[in-house]
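J.: Provided herewith is a single structure, encoded as structure tokens, for subsequent inquiry.
The values are calculated or read from the model by the stated rules, or taken from the named source; none is laboratory data. Since the structure is predicted, the reported quantities are computational estimates derived from the model, not experimental observations. All Cβ positions, even for glycine, are placed from backbone atoms using ideal geometry, and neighbour counts span all protein chains on display. Heavy atoms of the whole protein, side chains included, go into the accessibility calculation; ligands, DNA and RNA do not. Shrake-Rupley method; radii C 1.70, N 1.55, O 1.52, S 1.80 Å.
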Amino acid sequence: GFTDWSPLKSVGYFEIGEFLDSRIKRSELADKIVTSTLQLAKKQRTWFKRDQENHWIVKAESNPSLVLEESKKWLSRAAELD
């Protein structure tokens, strides 16, 4: 009864709904969720690239201290705007 409810149309929930309604097979479920997740990630990256306010920290996982330093700089600049 909640098929038109927006949260259930999000990635993962939508595909589970398709499975429960027998529109896709169980063997297709994981691949369909992965595909939808990758499509969403691509849309988000495209959207974020247009916003000049965003600052990307590349290779953050290999240098956690870089994330800390960049975050401190950003917070200092934000505090100056107040």
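J.: Given the criteria within 17 Å of the chain's Cα centre (by Cα) and of a type in the set (D, E, K, R), does residue 51 qualify?
T.: Here the answer is yes, as residue 51 does meet what is asked.
J.: Does residue 22 satisfy being part of a loop (DSSP other than H, G, I, E, B) and under 23 Å from residue 4 (Cα atoms)?
T.: Considered against the rule, which asks whether it is part of a loop (DSSP other than H, G, I, E, B) and under 23 Å from residue 4 (Cα atoms), residue 22 comes out as yes.
J.: Residue by residue through region 48-59, note down the ones that are at pLDDT 70 or above, assigned to a loop (DSSP other than H, G, I, E, B) and either among the hydrophobic types (A, V, I, L, M, F, W, C) or surrounded by fewer than 10 Cβ atoms within 10 Å (Cβ to Cβ) (or both).
T.: Correct list: 51, 52, 53, 54, 56, 57.
J.: Taking the options 38, 20, 29, name whichever one is closer than 30 Å to residue 74 by Cα and of a type in the set (A, V, I, L, M).
T.: 38
J.: Separate question: Taking region 1-27, which residues are among the charged types (D, E, K, R) and over 16 Å from residue 37 (Cβ atoms)?
T.: Correct list: 4, 21, 23, 25, 26.
J.: Something else: State whether one or more residues within region 60-75 are open to solvent by less than 100 Å² (accessible area, probe 1.4 Å), touching a Gly at 6+ places or on another chain (Cβ under 6 Å) and aliphatic (A, V, I, L, M).
T.: No, the conditions are met nowhere in region 60-75.
J.: Search region 6-22 for residues that are surrounded by 15 or more Cβ atoms within 10 Å (Cβ to Cβ) and pair each with any residue that is charged (D, E, K, R) when their beta-carbon atoms are under 7 Å apart and the residues are at least 6 apart or on different chains.
T.: 15/32; 19/26
A quick yes/no check of all residues on (1) within 30 Å of residue 11 (Cβ to Cβ); (2) more than 14 Å from the chain's Cα centre (by Cα):
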site: 32; (1), (2): yes, yes
site: 35; (1), (2): yes, no
site: 39; (1), (2): yes, no
site: 44; (1), (2): yes, no
site: 55; (1), (2): yes, yes
site: 69; (1), (2): no, yes
site: 72; (1), (2): no, yes
site: 78; (1), (2): no, yes
